[in-house]
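The values are calculated or read from the model by the stated rules, or taken from the named source; none is laboratory data. None of these values were measured; they are calculated from a predicted model. Neighbour counts run over all protein chains shown; Cβ positions are idealised from the backbone, glycine included. Heavy atoms of the whole protein, side chains included, go into the accessibility calculation; ligands, DNA and RNA do not. Shrake-Rupley method; radii C 1.70, N 1.55, O 1.52, S 1.80 Å.
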Amino acid sequence: MTKDQLLTRLLTRRSALLFGAAACGAAGTAGVLAAVTGDQPVRPAAPAAGPATHLAPKPSAYRLQPLTGYGPPAAAPARPHVRREPLLRMSGRGRSMVLTFDDGPDPRYTPDILDTLAEYDVRAMFFVCGEMAADNRELLARMADEGHVVGNHTWSHPLLTRLSRGRIRSEMERTCEVIEEAYGEPPVWFRAPYGAWNRAAFQLGAELGMEPLAWTVDTLDWATPGTRAIVGRVVNGAAPGVVVLSHDAGGDRTQSVRALRDYLPHLLDSGYHVTVPRRQYA
Ligand SMILES: [Zn+2]
């Protein structure tokens with residue numbers, strides 16, 4: 001591949017990412033507009049016209065909104081429907097795989113993982129815990145800068161099935177807040193600690209605008225089985241749509257860091273597109 005071809009590919013990919021973001025923004029805006037047309041009383045100052053006017057509001061009409069007190073939030077994301085099971089894999093994306101790293105960020109390991117992903121120009125998902133994110137905000141900012149997706153993995157990594165609904169809400173909400181502050185956007189994905197989901201988790205996640213994502217292949221790296229064992233699990237489990245679970249915190253993650261350096265080029269050489277899911281794909 002020539003340098004120009006590489007550049008074209010990079011730009012295309014960057015455009016795709018930007019297009020994805022724009023699409024989400026457009027969906028949010030459509031929701032806002034629907035709310036305006038549906039709920040707002042017709043004000044005398046507004047021109048007497050159909051919904052088309054609302055799709056392209058005149059500046060003067062738009063400026064009236066904050067004064068009325070009816071103004072919806074600027075970015076009202078579409079709320080996902082409540083699932084009964086988490087998503088386990090990606091669908092319809094060809095030879096794509098998703099790498100996910102849970103429990104961080106941890107300044108001892110996460111930067112190494114980010115370095116490797118950057119070296120191969122690959123994007124991944126980080127399901128962060130709020131209490132870790134609050135202490136390592138600069139790592140969330142780096143994830144944002146480098147195009148990675150940050151998901152919600154609760155504040156303190158509890159077993160949600162043993163918590164009250166109020167506690168689950170607090171675990172999720174606080175984490176959404178710190179992610180939005182440090183990463184720059186609220187999370188649209190969440191993952192229950194230990195993969196232990198319940199109805200409240202699905203309902204609250206949907207209320208907070210997040211889709212539940214589990215995984216297809218568990219590297220079991222938390223048990224420190226050895227770098228080769230982790231690499232073997234990823235390479236043997238590789239298939240289109242597979243979501244891989246690893247950890248960048250929660251203990252000594254040296255093996256997870258080393259394994260990524262080994263299996264990532266393997267996956268790419270095998271023709272896999274290592275990527276992150278779109279917000280709504282299922
Ligand atoms: Zn976890």
Item to complete: Name the residues whose placed amide hydrogens come within less than 5 Å of the amide hydrogen of residue 276, ignoring near sequence neighbours (fewer than 5 apart) on the same chain.
Response: none
Practice prompt. Would you please give the residues with an amide H less than 5 Å from that of residue 211, counting only those at least 5 places away or on a separate chain, with H modeled from the backbone geometry?
Written response: 189, 190
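Just order 210-223, 157-170 by mean Cβ neighbour count inside 10 Å, highest at the front, would you?
210-223, 157-170
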Worksheet item: Which percent of the accessible heavy-atom area of region 151-212 goes to carbon and sulfur, probe 1.4 angstrom?
Response: 44 percent
Practice prompt. With label points built 7 Å along Cα→Cβ from the Cα atoms of residue 199 and residue 91, find their separation and express it in nm.
Written response: 2.4 nm
Worksheet item: Heavy-atom accessible area per residue, region 223-277, 1.4 Å probe: how many Å²?
Response: 40 Å²
Discussion item. Given a Förster distance of 30 Å, report the FRET efficiency between residue 115 and residue 180 from their Cβ-Cβ distance, rounded to the nearest 0.05.
Written reply: 0.75
Worksheet item: How big is region 87-228 in terms of Cα radius of gyration and Dmax, in angstroms?
Response: 14.7, 43
Worksheet item: What's the Kirkwood radius of region 157-282 in Å, using all Cα pairs?
Response: 16.2 Å
